[in-house]
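Every number here is computed from the coordinates shown, using simple stated rules; none is lab data. Just so you know, these numbers come straight off a predicted model, no measurement behind them. Cβ placement follows ideal geometry from the backbone for every residue including glycine, while neighbour counts extend to all protein chains displayed.
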Amino acid sequence: MSKLHNFLLFLCTIVPFLTHAQEAEVLGNAVDKQSITNYDVLPDRGYTIDRVSADSALVFVQRDVLQPKRDSACWLRVRVANPGPYSQACVIQVLPKFFNTLYYRQAGSRAWKAVPGGMEGPVTGTIYKSYLPFVLRAGTTDTLYIKVSLRGLERADNAIKPALYWRTMESHTIVEQHVLTVWDMGAAIIILFILNYLYIYRDLREKVILYLVIAQFGGLLYITSYWLALYRWFPMKIFTRVVTPRGEVNSYDVNFLLMHISVVLVMYGMVQLTRSFLLTETRLPRLDAWLKYSLRAYLLFELVLACINVFIAQVNYITLPYDNLFCLLILIIILITSIKAFVRRFPAAGPYLFANLVPLVLMAGISLLHVFTSIDTTGDWLPLLAIITQSLGYSIALVAFIRYLRLHLQQKEQEAQLLAMEIQELNFRHQLITVENQQISLVVLDEKNKNNALVQKLEANQRELASNTLYLAQKNEMLEKLKGEITDLTKQHPDISPQKLSGISSILRSHQHLDSEWEKFKIHFEQVHPGFFEDLELKYPTLTRNEARLYAYFHIRLSTKEIATLLNIDPASVRQAKMRLHKKLASFDRPKAGSMDAL
């Protein structure tokens, strides 16, 4: 009875292992990583490796899923075999890969060796932090235990289907060294081009070169994030994580953020470079609007996605195809713009199209590849090839652009020289005009002085004429007075000889009507009014001498009384003579305004 009890107990102990016997994985010689399909899963309840490996009461479930909403960690058990005669260094990767710990037994030791690793693990100088190294003993079948952390996935509703990959350390090192070599080479080339462009920009200060530097820096940042180069030196903070309905785990960390920033820089640099290089705003306004607004929409799209992925939830695995399609649309617009500029024979459009053709095709290929497939960072030369061809092509375009700038500068210099000659000619003409103005000013000043002298002389003659006229009037008045006194004297003294008195009166009358006095007046009058009597005779040839004399008195504005005194007649006679003269002047067909004004 005791033997039967012991046998049943033995069967109960061994049956679980027999029913869940796990087939050992054997590693091949391929360089590519090899998938592990046989594994067992045990939810963690704070177990140690010793208990997990020795406690038969802990039941592992073959190919089970992980429940992040229920468990904070799980144990995976894998049996691997090395039929060869030598120990084999290997690496193993377990997804999810945030923080995992591998346990295996070293040769000649019963103790378990722990190897931590993962995206949140310590920096180890390798770009593949999720690969855990171990040594497979020769000619044996070993059991590996991996503790998988599910921290940060507590809110996930979907179960996780773990994925395990492994390969030899030698092939793993070859792949990593290959990627690092490619990155080192590409980064060095791009940095040299950027330094060269910055040197040229220091001299030319052209926006075209600045946009070229931005695009190249974006390319450098892209291959750096694409090949995980920063994982060698820096820990990459994980912002958000998600479990897809297919049981896959995706995360969004600093490296993904840098990748999106790099694509934004590349798109921004290429669009602005195209607009500045080809001057599309003035030459191709419709395509320029497409470039400008598509770029703005893409920048807004990327900003919104970045904020969602960093602060809310990981949606990058959903939006990645649309992101690449957006980039593809912008690349197509750039290509169409370059072709149209070439067809219209814009300056340097041919070299620019040649520089853009191959990089645009490669970038479009990358976008299409990422629309239909996931990002694979091993053995993919397309990003580096696109950036290098872009650098080389833009160097050719930059040479053509500098040549165009030189020709344009020469034209501007010629225009400046012509303008300088025109300015010099204008200055010379200005000097001539200044000299002429000075001469004219001198002539005007001389004429002004002469006019002032003439005015002064005219005023003097006018004063002399007025004084002579007054003198004549006073003289005639005095003679008339003397004549009256003689008449009175004759009446008072009849004894005086009438012959003598009549002789004196005759002498007085002769003095009143001396033509010499009139001739003197006429000379002074013509000094003040040159050609007056000649013009008067031409205009009114029928005027008598006395009428011309009367007209002259009216012209100098003498009063009727003064004219009567000068002519030794009554004022009434002057008025009658004035009326007769007015009628005579009015008898002409076209009376002269001056004559009428004088009267």
- Task: For Leu382, put the label point 7 Å out on the Cα→Cβ axis and report which residues of segment 233-277 keep their amide N under 16 Å from it.
- Result: 263
- Message: I'd like the Karplus ³J(HN,Hα) series for segment 229-236: coefficients 6.51, -1.76, 1.60, θ = phi - 60°, whole numbers in Hz, and an x wherever there's a Gly or Pro.
- Response: 5, 6, 5, 5, 10, 10, x, 9
- Note on the structure: With 0.36 nm assigned to each residue of separation and the Cα-Cα distance removed, Leu204 to Phe311 gains 34.3 nm
- Message: Report D for segment 20-173 in µm² per second (integer): Stokes-Einstein, Kirkwood Rh on Cα pairs, 10 °C, 1.306 mPa s.
- Response: 100
- Once Glu425 and Thr140 are pulled to full extension, the length gained, defined as 0.36 nm per residue separation minus their Cα-Cα distance, is 92.4 nm
- For labels at Lys584 and Gln410 in the simple 7 Å Cα→Cβ model, what's the distance in nm? 9.1
- Which of the lysines could a cross-linker bridge to Lys129, judged by Cα under 16 Å and excluding same-chain residues fewer than eight apart? Lys33, Lys97, Lys147, Lys237
- Where does each of 425-437, 51-63 land if you order them by average Cβ count within 10 Å, highest first? 51-63, 425-437
- With each pseudo-label sitting 7 Å past Cα toward Cβ, what's the Ser109-Ala159 distance in nm, one decimal? 3.7
- Item | Computed lengthening from Thr319 to Lys481, 0.36 nm per intervening residue step minus Cα-Cα distance | 45.0 nm
- Note on the structure: Relative contact order in percent for segment 206-380 (Cα pairs under 8 Å, 6+ apart) equals 23
- Task: Taking H placed 1.01 Å from N in the peptide plane, check which residues at least 5 places from Asp44 or on another chain put their amide H under 5 Å from its amide H.
- Result: Ala73, Cys74, Trp75
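Can you figure out the FRET efficiency of Arg296 with Gln417, using R₀ = 51 Å and their beta-carbon distance, to the nearest 0.05?
It comes to 0.75.
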- Under 14 Å, Cβ to Cβ, from Phe428 - net charge with Lys/Arg +1 and Asp/Glu -1: -2
- Query: According to a simple spin-label model (label point 7 Å from Cα along Cα-to-Cβ), what is the distance in nm between Arg63 and Asp535?
  - Reply: 13.4
- Output ordering of 391-403, 296-308 (per-residue mean of other Cβ within 10 Å, highest first) is 391-403, 296-308
- Message: Could you give each residue of segment 268-277 its phi-based ³J(HN,Hα) in whole Hz, using Karplus coefficients 6.51, -1.76, 1.60 with θ = phi - 60°, and x for Gly or Pro?
- Response: 4, x, 5, 5, 5, 5, 4, 5, 6, 5
